[in-house]
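Reviewing the structure listed below.
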Amino acid sequence: MANPKYAAFAALDPFFAIAQQGLAGLVDGDHYFDTIAEDAVFEFLYIFPGWPPTVHGRAALMALYAPYGNNIVLHGADALVIHRSQDPRVVIIEYQVHGKILSTGASYDNRFISVVTIANRKIVHWRDYMDSLAAMTALSQPSATAGKSK
């Protein structure tokens, strides 16, 4: 049964699941947020209006992700590739997510590479790269009901 503590983040469940799959055996925690150190740093190396380039701490990351489900709901994640770094603390994961933009009904399909640093079996640093064009294209699609009279 899903932890009710994280019910507000259900729109991101496919991302959480693939991230945990990519880090299996390296981090402790039943939910993605449980695998993150309290003082972890997240870098988002893409420019998105309203999205910060850096987030400090698990609580700040949770606050950033809280409204995600108001805009996008993911229904799947796949294409996981796991790369081990020469630094045993660092893992690189590649993956794709699939969902829907709620305001328009447009499909949302995106690719990511995340460079994850782990210490004491917790994520302490996460550097994220994504296909910004795919995201901007999905978010700028006109509504399926645009131009239709009521």
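Computed from the coordinates by the stated procedures, all read-outs in this text should not be read as laboratory data. Bear in mind that the values here come from a model prediction, so they are computed numbers and not experimental data. In this analysis, Cβ positions are derived from the backbone assuming ideal geometry, glycine residues included, and neighbour counts consider all displayed protein chains.
Once you list every other residue whose beta carbon is under 13 Å from the beta carbon of Leu80, what net charge do they have if Lys and Arg are +1 and Asp and Glu are -1?
So the environment of Leu80 carries a net charge of -1.
For a Förster distance of 35 Å, can you work out the FRET efficiency between the beta-carbons of Ala7 and Trp51, rounded to the nearest 0.05?
For R0 = 35 Å, the calculated efficiency reads 0.90.
So if I place +1 on the C-beta of Lys and Arg and -1 on the C-beta of Asp and Glu, and nothing else carries charge, what would the dipole magnitude of the chain be about its Cα centre? I want it in debye, nearest 20.
Dipole magnitude for the chain comes out near 360 debye.
Note down the net charge around Gly57, summing +1 for each Lys or Arg and -1 for each Asp or Glu among other residues with Cβ under 14 Å from its Cβ.
Neighbourhood net charge equals -1.
Multiply the residue gap between Asp30 and His83 by 0.36 nm, knock off their C-alpha separation, and tell me the result in nm, one decimal place.
16.8 nm
Percentage of Cα-Cα pair distances in segment 68-124 greater than 19 Å, rounded to whole percent?
Roughly 45 percent, rounded to a whole number.
May I ask you to compute the full-extension gain from Ile92 to Glu43, defined as 0.36 nm times their residue separation minus their alpha-carbon distance, rounded to one decimal in nm?
Value of the extension gain: 16.2 nm.
What number comes out for the charge environment of Lys122, summing +1 per Lys or Arg and -1 per Asp or Glu over other residues with Cβ under 14 Å away?
Here the charged neighbours net out to -2.
Nearest 500 deg cm²/dmol is fine: what mean residue ellipticity at 222 nm does the chain get from its DSSP H runs of n ≥ 4 alone, each adding -39,500 (n - 2.57), divided by its residue count?
Helix contribution divided over all residues of the chain: -5000 deg cm²/dmol.
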